[in-house]
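Here is the structure we will look at.
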Amino acid sequence: MSFLDDGEVRVGMDLGLGGAVTFISSKDHPGNIINSADFGRQIQMSHYSGPWPFEVGDKKPNPAWAGLGWNPIQTGDCYMNPSKVIEHRNDGKELYIRCIPMQWPLNNVPGDCLFETWTTLEGPVIHMRYRCTNQRLDKTAYPPCPQELPAVYTISRLSRLMTYAGNQPFTQDALTQVTNDWRKPWPWTRFVATERWAALVDNDGWGLGVFKDDGGEFHGGIYGDDRSDDPKHGSTAYVAPIHRENFDANIVYEHRTDFAVGKLAHIRRRFNDLATKTPPAWRFVSDRQHWTVVNSADPGFPMNGEWRIKFGAEKPRLESAVQSWRAESAPSMDLEVAYRGQATTARVSWKRLDEDKYDARKSLMLDLASDGKLRAYHLNLAASLEYRGLITGLAIEPVIQPRPGDEMVLKSIVLSADRK
């Protein structure tokens, strides 16, 4: 084990299990709150891509997990073969881990990637930075998949999954308890946390919170009927921030997630203080900024200062990650776009908190010049009566009908309060 301890919280990584977090306690609750009943629990990195099923040589996935596809995780595989730490540093202020993960569904197959974590403490808050460096020989551009950022499993006594899921974030509006049915084939509940955090707490409202400043989609719930303090018990509680990503064969994927231990009200206050309150801005300098693309091809990682997309035989579609903002705080959108091909009109759509899908009613059209030159475009989102309330995502359809061979370059998409 390698520990960090600042007097408020103590966090430990197991160097025999890929450096996954297997221990968290606080000065007020000295017991360990992290579940380690098998190698799929803990707090650990977990990434996903195709193919489905994922096979290596004559090794086939465990039938129970074949649907996961390519799935390297930090602790080890479902056959209890551990991941290998290849570098570890701990100076008492920052704890660094580098490991070769294992493919969860397969028996003793290392992941074709490297995992790294950097951990620091600030009072009861745990700051973690993550990096996955892919080294896949399979260069196939698979469809975007949900990523656990990270997977978080606690003792089952922390059985209440709490969040703010309303349309007035950062106003101290009432919290929501998320429930689930763990007996279903997919045991977890998907929800949108509009303050970007969720917490697993006990009946007294004490526990562990998870915050992702650039996120909003979470999955979570309780597994099993028992409520126990035992970190090895089969019952557990789970939560994970989620982004859907096109996970390239050579991607260097980095993200940050924060954790806090304490009473629910204190967790919320700390995360609200950390939260970015300005409208989203996506600048495609080195990556897709958590946007995904379907029915099109791009060069993949890295972006080299722009997102270049080439259209195929189907209608292309770009979608942002789930992220929340009030419509009145961002009535304007500015884009830097170059389009090459036939003259086109793009559709920019949005969805609100109470809707899971995009539709044409909540959209505006944007005419794009077709000479391939980079241009600045402005879209007055407030011109639509349907642009109101809490917005949770954007989508762009560059063309209304398929345009094989046409190309689009995106440099930035910026939402703002500036009306033009």
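The values are calculated or read from the model by the stated rules, or taken from the named source; none is laboratory data. Just so you know, these numbers come straight off a predicted model, no measurement behind them. Here Cβ is always computed from backbone atoms with ideal geometry, including for glycine, and neighbour counts include all displayed protein chains. The area values use the complete protein model at the heavy-atom level, side chains included, leaving out ligands, DNA and RNA. Shrake-Rupley method; radii C 1.70, N 1.55, O 1.52, S 1.80 Å.
Just for the stretch 328-378: of the residues that are polar (S, T, N, Q) and in a strand (DSSP E or B), which one is farthest from Arg403 (Cα to Cα)? Walk me through it before giving the result.
Just the residues of the stretch 328-378 that are polar (S, T, N, Q), to begin with: 329, 332, 342, 344-345, 349, 363, 370.
With the extra rule that they be in a strand (DSSP E or B), the set shrinks to 332, 344-345, 349, 363.
On the way: Ser332: 28, Thr344: 10, Thr345: 12, Ser349: 20, Ser363: 21 Å.
So, considering only residues that are polar (S, T, N, Q) and in a strand (DSSP E or B), the one farthest from Arg403 (Cα to Cα) is Ser332.
Would you confirm, using the coordinates I've provided, whether Ala417 is surrounded by fewer than 19 Cβ atoms within 10 Å (Cβ to Cβ), in contact (Cβ under 8 Å) with a residue 60 or more places away in the chain and out of contact with any Lys or Arg (no Cβ under 8 Å at 6 or more places or on another chain)?
Numbers: surrounded by fewer than 19 Cβ atoms within 10 Å (Cβ to Cβ): yes; in contact (Cβ under 8 Å) with a residue 60 or more places away in the chain: yes; out of contact with any Lys or Arg (no Cβ under 8 Å at 6 or more places or on another chain): yes.
So Ala417 fits the description; yes.
Is there any pair with a first residue in the stretch 134-150 that is outside any loop (DSSP other than H, G, I, E, B) and a second that is modelled with pLDDT of 95 or more and surrounded by fewer than 17 Cβ atoms within 10 Å (Cβ to Cβ) whose Cβ atoms are under 6 Å apart and which are 6 or more apart or on different chains, and what are they?
Qualifying pairs under 6 Å: Asn134/Asn250.
Can you report the number of residues in the stretch 92-145 which are among the acidic types (Asp, Glu) and under 14 Å from Phe247 (Cβ atoms)? Before you say what the answer is, go through the steps one by one.
Of all residues in the stretch 92-145, those among the acidic types (Asp, Glu) come to 94, 112, 116, 122, 138.
Still in the running and under 14 Å from Phe247 (Cβ atoms): 112, 138.
The total comes to 2.
Cβ-Cβ under 6 Å, sequence separation 6+ or interchain: first residue in the stretch 169-181 and over 14 Å from Trp197 (Cα atoms), partner among the hydrophobic types (A, V, I, L, M, F, W, C) and at pLDDT 95 or above. Which pairs?
From the stretch 169-181, the pairs are Asn180/Trp188.
For the condition open to solvent by 30 Å² or more (accessible area, probe 1.4 Å), in a strand (DSSP E or B) and not β-branched (Val, Ile, Thr), what is the one hit in Arg190, Arg183, Arg157? Full working, then the answer.
Working: Arg183 fails: in a strand (DSSP E or B); Arg157 fails: in a strand (DSSP E or B).
It is Arg190.
Give the number of residues within the stretch 129-154 that are farther than 27 Å from Thr189 by Cβ and either out of contact with any Asp or Glu (no Cβ under 7 Å at 6 or more places or on another chain) or open to solvent by 20 Å² or more (accessible area, probe 1.4 Å) (or both). Working first, answer last.
Initial filter on the stretch 129-154 (farther than 27 Å from Thr189 by Cβ): 129, 131, 133-141.
Checking the rest, the ones that are also either out of contact with any Asp or Glu (no Cβ under 7 Å at 6 or more places or on another chain) or open to solvent by 20 Å² or more (accessible area, probe 1.4 Å) (or both) come to 129, 131, 133, 135, 137-141.
The total comes to 9.
Could you pull out the residue among Ser49, Ser2, Ser25 that is under 17 Å from Ser156 (Cα atoms) and in contact (Cβ under 8 Å) with a residue 12 or more places away in the chain?
Values: Ser49 fails: under 17 Å from Ser156 (Cα atoms); Ser2 fails: under 17 Å from Ser156 (Cα atoms).
One residue alone meets the criteria, Ser25.
Looking only at the stretch 305-321, filter to residues that are of a type in the set (A, V, I, L, M, F, W, C), more than 13 Å from Pro144 (Cβ to Cβ) and in contact with a strand residue (DSSP E or B) (Cβ under 6 Å, 6 or more places away or on another chain); which one of those is surrounded by the fewest Cβ atoms within 10 Å (Cβ to Cβ)? Show your work before the answer.
Residues of the stretch 305-321 of a type in the set (A, V, I, L, M, F, W, C): 307, 309, 311, 313, 318, 321.
Remaining after also requiring more than 13 Å from Pro144 (Cβ to Cβ): 307, 309, 311, 313.
Now restrict to residues that are in contact with a strand residue (DSSP E or B) (Cβ under 6 Å, 6 or more places away or on another chain): 307, 309, 311.
Details: Trp307: 25, Ile309: 18, Phe311: 21.
Per the stated criteria, the residue is Ile309.
Has the stretch 295-304 got at least one residue that is assigned to a strand (DSSP E or B), open to solvent by less than 10 Å² (accessible area, probe 1.4 Å) and of a type in the set (S, T, N, Q)? So that I can check it myself, show each step before the final result.
From the stretch 295-304, those assigned to a strand (DSSP E or B) are 296-297; that's our starting set.
Restricting the remaining residues to those that are open to solvent by less than 10 Å² (accessible area, probe 1.4 Å) gives none.
Among the residues of the stretch 295-304, not one is assigned to a strand (DSSP E or B), open to solvent by less than 10 Å² (accessible area, probe 1.4 Å) and of a type in the set (S, T, N, Q), which makes the answer no.
Can you name the residue in the stretch 337-357 that is open to solvent by 40 Å² or more (accessible area, probe 1.4 Å) and within 20 Å of the chain's Cα centre (by Cα) and is also modelled with the highest pLDDT among such residues? Break it down stepwise before answering.
In the first step, residues of the stretch 337-357 are kept if they are open to solvent by 40 Å² or more (accessible area, probe 1.4 Å); the result is 340, 342-343, 345, 347, 353-357.
In the following step, the residues that additionally are within 20 Å of the chain's Cα centre (by Cα) were identified as 353, 355-357.
On the way: Leu353: 94, Glu355: 84, Asp356: 81, Lys357: 88.
Applying the filter and picking the extreme gives Leu353.
Mind counting the residues in the stretch 37-62 that are more than 30 Å from Asp258 (Cα to Cα) and outside any loop (DSSP other than H, G, I, E, B)?
Applying the first criterion (more than 30 Å from Asp258 (Cα to Cα)) to the stretch 37-62 yields 51-62.
Among the residues that remain, those that are also outside any loop (DSSP other than H, G, I, E, B) are: 56, 59.
Residues flagged as more than 30 Å from Asp258 (Cα to Cα) and outside any loop (DSSP other than H, G, I, E, B) within the stretch 37-62 amount to 2.
Within the stretch 212-230, track down each residue that is buried (at least 21 other Cβ atoms within 10 Å of the Cβ) and either in contact with a Lys or Arg (Cβ under 6 Å, 6 or more places away or on another chain) or assigned to a loop (DSSP other than H, G, I, E, B) (or both).
Lys212, Gly215, Gly216, His219
Kindly establish whether Ile126 is part of a strand (DSSP E or B) and loosely packed, with under 15 Cβ neighbours inside 10 Å. Even if it seems obvious, please write down each step before you answer.
Details: part of a strand (DSSP E or B): yes; loosely packed, with under 15 Cβ neighbours inside 10 Å: no.
It is false that Ile126 is part of a strand (DSSP E or B) and loosely packed, with under 15 Cβ neighbours inside 10 Å.
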